[in-house]
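Okay, structure first, notes after.
The values are calculated or read from the model by the stated rules, or taken from the named source; none is laboratory data. In this text, all values refer to a predicted model and were calculated from it rather than measured experimentally. Here the Cβ is made from the backbone with ideal geometry for all residues, glycine too, and neighbour counts use every protein chain on show.
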């Protein structure tokens, strides 16, 4: 499958598991392929759902400012929006290709459940003219891998950039010049759900000086709020959140809304502490 729109190019290729070839004959399915296991980020996802560190003056002082800087860069560059779109394209391509494969080759084998591996390659649309023809040499590209198990795409998508990806991303009422370079893992379960991202590399905006590099993980909520994991000095992790009109920290002892200017945090019960 190949489509092209808005200055970007998508190529998807799918290979079904070898057991299907044996079941229906090698002439009627694609080349045998080993289906990979996606990277396991379930432990990190659980930390965001139930952080085990304690929110106190020490953990806020250690993690809040840096966490807000990372979260604001994620929100400002549109990286979460872009990688969610990439993951959605993988899931859509997997569902479409499996549906076509079943319709074309397996009408007489409805009991067979398909396992498959899919790779989507997307050329980044660039900064100067996002509607220009795709140009991988100039703007870079992103590879994305997905897996189908028992007819259903798994929520984890992973891949890497080839060169530096230069992508124009609509963020609210403006267009942001995102650059991204490195490898990533995305976990998204569906529309209206948070998206978890683990990134090893660097990203930032051509319109700002803030750049985030290294191995990071964060979560983007449906309302646009960004969460960043931060180690707590007394053990475990707390979650810094930024956006949707709030800044604060979540931990095993609750969700605290904080002020960077006043250096205070307020507990769910209205108690205030200084950091």
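Among the residues of region 120-138, the one identified as in a helix (DSSP H, G or I) and closer than 23 Å to residue 92 by Cα is 136. Since residue 259 meets every condition but one in (1) at pLDDT 95 or above; (2) within 30 Å of residue 155 (Cα to Cα), which condition does it not meet? Failed condition: (2). Within region 139-181, being more than 20 Å from residue 79 (Cβ to Cβ), outside any loop (DSSP other than H, G, I, E, B) and touching a residue at least 24 places away in the same chain (Cβ under 8 Å) holds for 147, 148, 149, 153.
Looking only at region 186-193, decide whether some residue is at pLDDT 95 or above and either part of a strand (DSSP E or B) or touching a helix residue (DSSP H, G or I) at 6+ places or on another chain (Cβ under 7 Å) (or both). So far as region 186-193 goes, yes, one or more of its residues are at pLDDT 95 or above and either part of a strand (DSSP E or B) or touching a helix residue (DSSP H, G or I) at 6+ places or on another chain (Cβ under 7 Å) (or both).
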